[in-house]
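Okay, so here's the structure we're looking at.
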Amino acid sequence: MFGLTLLGGDELMKKIKLIIAAVAMVGLVSSSIASADGFAPGEGLYIGGFGGVGMGMVQPKVTTNGSSTTGSSGPSHEGGTFEATDGGLGLSGMEGGAWLGYGYKMGDLYAGLEGEYAAGDVKFKLTSSVNVELTGSEEEAHLKYITQIEATKEWTGGAFGRLGYYVNPDTLLAFKGGVLVSKFEVKTAGDTAYSENFYGGGPALGVSLASRLAAIDPNLSIRLGAVYTDFLTANVFGIGTNTGTNVTDRSGHDSEVTGSALSARVGLTYSFLDVNSLF
């Protein structure tokens, strides 16, 4: 009247694994739901995107031994140091990027780690209506000149440590410090167009204010912030040459560039996971 079916060993193990997997998924979903109303701005694992404006300043410095030659290589000239000591060449443009981080809320205090990446068209461009002669002469048909030079900060990326204070349960004031690296493309136009990439980086500091958008989603926050980067000094060679390579011991001159950058942005972050809930 009653039937009893015995499961084979392999089939029984498959069903046990399915039950374990289902329980694990239910536990994960339950923990996510439980924390869905509890994530403060910057708490847990979060992602975000931002847009804003970027500004910067480039300060070049060139030291040359001069030249006593004449003829096709140009007239003799005295060597010296040519440097932008106050101010420099300004960069400006738009940029956008993303944040990825993890944070801990400890009462009213906050600590976390964050990485960011940004891309845009922050640049400067210098143009001339006449040829700026570099070497050679028109008579001997090998005059080298430029009419335009521009430098564009193509992207910036780095990592930070963050410390903050919860002004209230829905608002986080945070400060961060770390290192950012940027890629610059420098191009000239003239008798021949040249292009070269340079990488600059240095210490960076930032501040942000994030507020939860509870009316939309309890895990969604709007964030306003700014980041300042002090670029370290880098040697620059190759622009306007046939080789386009860096020669750090090139005789006769020493060229270097330094500067700083400031980015102001507004964005959104979304917290979606507390790692502790997985254990």
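The values are calculated or read from the model by the stated rules, or taken from the named source; none is laboratory data. None of the values given here were measured: they were computed from a predicted structure. Note that we place each Cβ from the backbone using ideal geometry, even for glycine, and neighbour counts take in every protein chain shown.
Check Gly87 against each of (1) touching a Ser or Thr at 6+ places or on another chain (Cβ under 9 Å); (2) modelled with pLDDT under 90 and name the one condition it does not meet.
(1)
Does region 158-212 hold any residues that are among the hydrophobic types (A, V, I, L, M, F, W, C) and outside any strand (DSSP E or B), and which are they? Even if it seems obvious, please write down each step before you answer.
Let us first name the residues in region 158-212 that are among the hydrophobic types (A, V, I, L, M, F, W, C), namely 159-160, 163, 167, 172-175, 179-181, 184, 186, 189, 193, 198, 204-205, 207, 209-210.
Scanning region 158-212 gives a single hit, Ala193.
Kindly indicate whether Asp108 is at pLDDT 95 or above and more than 29 Å from the chain's Cα centre (by Cα). I'd like the intermediate steps shown before the answer.
On the way: at pLDDT 95 or above: yes; more than 29 Å from the chain's Cα centre (by Cα): yes.
Considered against the rule, which asks whether it is at pLDDT 95 or above and more than 29 Å from the chain's Cα centre (by Cα), Asp108 comes out as yes.
Kindly check whether there is at least one residue in region 220-236 that is surrounded by fewer than 16 Cβ atoms within 10 Å (Cβ to Cβ), in a loop (DSSP other than H, G, I, E, B), assigned by TED's automatic domain parsing to the domain that holds Leu126 and modelled with pLDDT under 95.
no
Being surrounded by fewer than 16 Cβ atoms within 10 Å (Cβ to Cβ) and without any contact (Cβ under 8 Å) to a residue 12 or more places away in the chain narrows it down to one of Asp108, Asp86, Asp121, so name that one.
Just a single option satisfies the conditions, and that option is Asp86.
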